[in-house]
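Structure first, commentary second.
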Amino acid sequence: MPLKQEVSGRKNKPVILMSMGQQDRNGHPYQVMTHKYMQPVVEISDCIPLLVPTCFGAEDIEQYLDMADGVYLSGAASNIDPTLYGQENLTPEKKQDQARDLVDLALIKGAVARGLPLLGICRGMQEMNIAFGGDLYQKVYAEEHLDDHREDPETPPEVQYGESHSISMVKGTWLHKLLGDTISVNSLHGQGVNNLGEGVEPLAHAEDGLVEAIHVPALPQFTLGVQWHPEWKAMENPDSIKIFKAFGEACRRRAGNDQDLRIDKAS
């Protein structure tokens, strides 16, 4: 019996893998995923999120990928372990989640190998760049040529996730065709992409030149990493709707091709 099958003659919705992160509460380690990241996958992409715990390592990643039509890497409060991109830790005061790092890197590599659509938000975009051999600015705010892209933690979420600055799309790219010349985005990150990984190309830049969106154009599947948070109140943001619809459509195409392959093998 195939892992993904039709029910009552109706095609199942695409399945999107989403990795969870560790959060300690009252001395107990939890695996968590914020509702705001899952909501646009369900309401806009019209897909089903499948949460992947990261506390057990990456040993079973291939089995998770067998069930998937796409991979979606969300943001998180933790920083990525800088040893994964050859640097010493310059922000020891910030928490890390090494178990999530290793699972996410395995998910990215698995998605690439299988032709699965790949979407990364904030931390997820940074992981995509690292997976292809790139690195990060660990302190964007300490770079003289860059602005401070962090949120004010003393303000309510509505202010933190409000429009912060504009970004400009790289002309002639598919994201430029999708979103136009410029859009306004929120900004809640202390780290950012520095050197791009092999095959990784920018799709958008902030006003100070910081890379705000990336893709891997040599790959046949949909790939997109964005530094801002399109998931925040996505249904109220036309640009967010376009992004999550494009991701959902890519996952549906992948799910359809996968179904065709299963039919071919059975015939």
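The values are calculated or read from the model by the stated rules, or taken from the named source; none is laboratory data. Everything quoted here is computed from the prediction, not taken from an experiment. Reconstructed Cβ throughout: ideal geometry from the backbone, glycine too, with neighbour counts over all protein chains shown. For accessibility, only protein heavy atoms count, side chains too; no ligands or nucleic acids. Shrake-Rupley method; radii C 1.70, N 1.55, O 1.52, S 1.80 Å.
Quick notes on this structure:
- Any chance I61 is among the hydrophobic types (A, V, I, L, M, F, W, C), touching a residue at least 60 places away in the same chain (Cβ under 8 Å) and open to solvent by less than 70 Å² (accessible area, probe 1.4 Å): no
- Scanning segment 77-128 for residues that are open to solvent by less than 20 Å² (accessible area, probe 1.4 Å), under 21 Å from A250 (Cβ atoms), part of a helix (DSSP H, G or I) and aliphatic (A, V, I, L, M) yields L107, I108, A111, M125, M128.
- Residue in segment 19-36 that is in a helix (DSSP H, G or I) and not hydrophobic (A, V, I, L, M, F, W, C) present: yes
- Yes/no for E144 being without any contact (Cβ under 8 Å) to a residue 40 or more places away in the chain, part of a loop (DSSP other than H, G, I, E, B), among the acidic types (D, E) and more than 21 Å from H205 (Cβ to Cβ): no
- The selection criterion, being over 22 Å from Y85 (Cα atoms), crowded, with 16+ Cβ neighbours inside 10 Å and not acidic (D, E), does not hold for L210.
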